[in-house]
Structures are given as C-alpha cells and as structure tokens.
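Encoded as structure tokens, the structure appears first; notes follow it.
The values are calculated or read from the model by the stated rules, or taken from the named source; none is laboratory data. It should be emphasised that the depicted structure is a prediction, and the values quoted were computed from it without experimental measurement. A quick note on method: Cβ atoms are made from the backbone with ideal geometry, for glycine too, and the neighbour counts reach across all protein chains shown. When the accessible area is computed, the model is the full protein with side chains, heavy atoms only, and any ligands, DNA or RNA have been set aside. Shrake-Rupley method; radii C 1.70, N 1.55, O 1.52, S 1.80 Å.
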Amino acid sequence: EADIYQTPRYLVIGTGKKITLECSQTMGHDKMYWYQQDPGMELHLIHYSYGVNSTEKGDLSSESTVSRIRTEHFPLTLESARPSHTSQYLCASSEFSSAYVDEQFFGPGTRLTVL
Amino acid sequence: GEDVEQSLFLSVREGDSSVINCTYTDSSSTYLYWYKQEPGAGLQLLTYIFSNMDMKQDQRLTVLLNKKDKHLSLRIADTQTGDSAIYFCAESRNSGYSTLTFGKGTMLLVSP
C-alpha cells in the first residue's frame with residue numbers, strides 16, 4: 001500500500017481565496033508530482049520536483065505554485081482561486097531507479113470546487 | 001511531441017476477456033505502463049513492459065507490445081466486476097529525469 005497522503009480530500013471555497021493542497025509521502029522518494037485531472041479523465045502534469053529545492057513546471061500551464069523544502073512534503077498553493085481551478089488534483093511520488101522504470105505512487109486526490 | 005492515444009470506453013460482460021489498446025508516437029519510449037484508477041482513488045501501477053520485450057504476462061494480465069507499429073495492448077482474462085475502472089497507458093524515456101506521458105484513459109465497464 002502506497003504511503004502518500006493528500007489533504008483535504010474535498011474542498012469547496014469561494015473565488016479569490018488562497019488555498020494550499022497538502023501532499024506528503026513517507027517512502028523517501030526524491031521525485032514528486034502534481035497532476036490536474038479533468039472531469040473527462042485526462043491527466044495533466046502541472047508541477048514536479050526531483051528533490052529538495054527543485055521545482056519544475058509541467059506540460060500544462062498552471063497558476064498554482066509549489067515548494068519542496070522537505071523531501072516528504074510537496075504542497076501546492078493557489079494564491080487566488082477561480083472557478084476555472086475546479087478540478088481533481090493528484091499528487092504522486094517515485095524514486096530514481098537505475099533501470100529508469102518510473103513507478104509512480106499516487107495519493108487519493110483532492111477534489112477542489114471553486115464557487 | 002509525445003502523444004499517447006487510447007479509446008475512451010470499453011464495455012464487456014463478466015467472465016469475458018477485455019482488450020484495451022494504446023498507440024504512442026515517441027520512438028524513444030523505453031518503458032510502457034498500464035495504470036488503473038478506481039473510482040475516488042489515485043492511480044495504481046498495474047504492470048509495465050520494457051521496449052525490447054514483445055509480451056509480458058502477470059496472472060490475468062497480458063501486455064503485448066508491437067514496437068514497429070507503436071502499439072500497446074492490455075488483455076484482462078476472465079474480467080470481473082472489480083476490474084471496472086479507468087485504465088491509463090503511459091510511456092517514459094530512457095532517463096531518470098523523464099516524466100510519464102499518459103494517455104487520456106479508457107473507462108472499462110464490466111457488467112454482470
């Protein structure tokens with residue numbers, strides 16, 4: 001069973017609020033990721049990190065920001081939420097493998113609704 | 001750029017075999033993966049295949065890879081209602097710094 005946690009699981013907030021989605025893993029993985037999942041299922045990589053103090057933007061442009069101060073923690077922040085940010089947000093982690101296999105472990109997701 | 005394509009929906013009856021197909025465009029793909037997402041949950045790795053292999057079998061799961069046609073398939077034998085989920089095909093390149101490129105997912109519905 002994957003030891004990767006996301007809080008909150010569900011969040012309903014008003015437009016303009018600042019929010020932080022939490023993601024933590026206890027597996028000591030260096031690599032961590034944030035994906036945004038459409039209602040139509042498609043996954044979009046929005047941020048990733050290769051380790052402490054490393055953050056990269058993903059394929060989909062996002063108004064969110066991330067930080068990686070500790071190996072186990074990779075929070076995502078929206079400074080001013082808008083209805084267009086309504087989505088499912090999935091956090092994942094994986095380790096560097098000498099064989100380059102990228103087995104990503106996913107958290108249960110945060111379903112965000114912005115009114 | 002990299003692209004991974006899947007059919008969006010598959011419906012089968014319990015006990016039948018299911019075959020989910022995927023095509024990809026990146027010829028430098030090194031590993032190809034199948035992930036499963038159950039309702040209300042994150043994704044879970046089901047299996048993966050290295051690009052120099054043609055087939056991999058793991059209990060009820062069989063993965064076939066046609067590298068020439070860049071075609072990947074996942075066959076689930078004796079499909080059960082618990083197999084109802086979204087299945088994502090993904091690929092990565094030969095680097096520890098490569099990210100996964102996912103297809104849009106195939107929703108498998110298994111009816112009794």
Taking amide H atoms as placed 1.01 Å from N in the peptide plane, list the residues 5 or more away in sequence, or in a different chain, whose amide H sits under 5 Å from that of residue B:46.
B:34, B:35, B:36
Near the amide H of residue B:85, under 5 Å away, which other amide H atoms are found, from residues 5 or more places off or on another chain, if H is placed in the peptide plane?
B:108
Under a plain spin-label model, where a point goes 7 Å from the Cα along Cα-to-Cβ, how far apart in nm are residue A:55 and residue B:44?
3.2
10 Å binning of all Cα-Cα separations within the stretch B:7-66, expressed as whole percents from 0 upward:
17, 49, 31, 4
What FRET efficiency would be calculated for the residue pair residue A:65, residue A:101, taking the C-beta separation as r and a Förster radius of 22 Å, to the nearest 0.05?
0.15
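Residue B:64: net charge of surrounding residues, Cβ under 12 Å, Lys/Arg +1, Asp/Glu -1, itself excluded?
Values: positive: B:56, B:67, B:75; negative: B:54, B:69.
Local net charge: +1.
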Dimensions in Å of the protein assembly as shown - Rg and Dmax from alpha carbons
17.7, 52
Cα-Cα over 27 Å: which of B:70/B:104; A:57/B:56; A:57/B:36; A:18/B:104; B:67/B:104; A:17/A:57?
A:57/B:56; A:18/B:104
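Relative contact order of chain B, please, whole-number percent, based on alpha carbon pairs below 8 angstrom and at least 6 residues apart.
Answer for chain B is 38 percent.
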What residues of the stretch B:40-74 lose no less than 20 Å² of accessible area with every protein chain in place versus their chain by itself (probe 1.4 Å, heavy atoms only)?
B:40, B:42, B:43, B:45, B:48
Please list the radius of gyration and Dmax for chain A, considering alpha-carbon atoms only, with Å as the unit.
13.6, 45
Where both residues lie in chain B, what percent of DSSP beta bridges are antiparallel, nearest 5?
90
In sequence order, calculated HN-Hα J values of the stretch B:80-92 (Karplus, 6.51, -1.76, 1.60; Hz; x Gly/Pro):
10, 4, x, 7, 4, 4, 9, 10, 10, 8, 8, 9, 9
For the stretch B:56-73, just list the computed ³J(HN,Hα) in residue order, Karplus coefficients 6.51, -1.76 and 1.60, θ = phi - 60°, integers in Hz, with x standing in for Gly and Pro.
9, 10, 8, 6, 7, 9, 10, 10, 10, 10, 10, 5, 4, 8, 6, 10, 10, 9
Simple spin-label estimate for residue B:5/residue A:15, 7 Å along Cα→Cβ, in nm, reads 3.8
Euclidean distance between Cα centres, the stretch B:62-84 to the stretch A:1-74, Å:
30
Under the Karplus relation 6.51 cos²θ - 1.76 cosθ + 1.60, θ = phi - 60°, what is the ordered set of whole-Hz ³J(HN,Hα) values for the stretch B:15-28, x standing for Gly and Pro?
x, 6, 8, 10, 10, 10, 10, 8, 10, 9, 10, 7, 5, 8
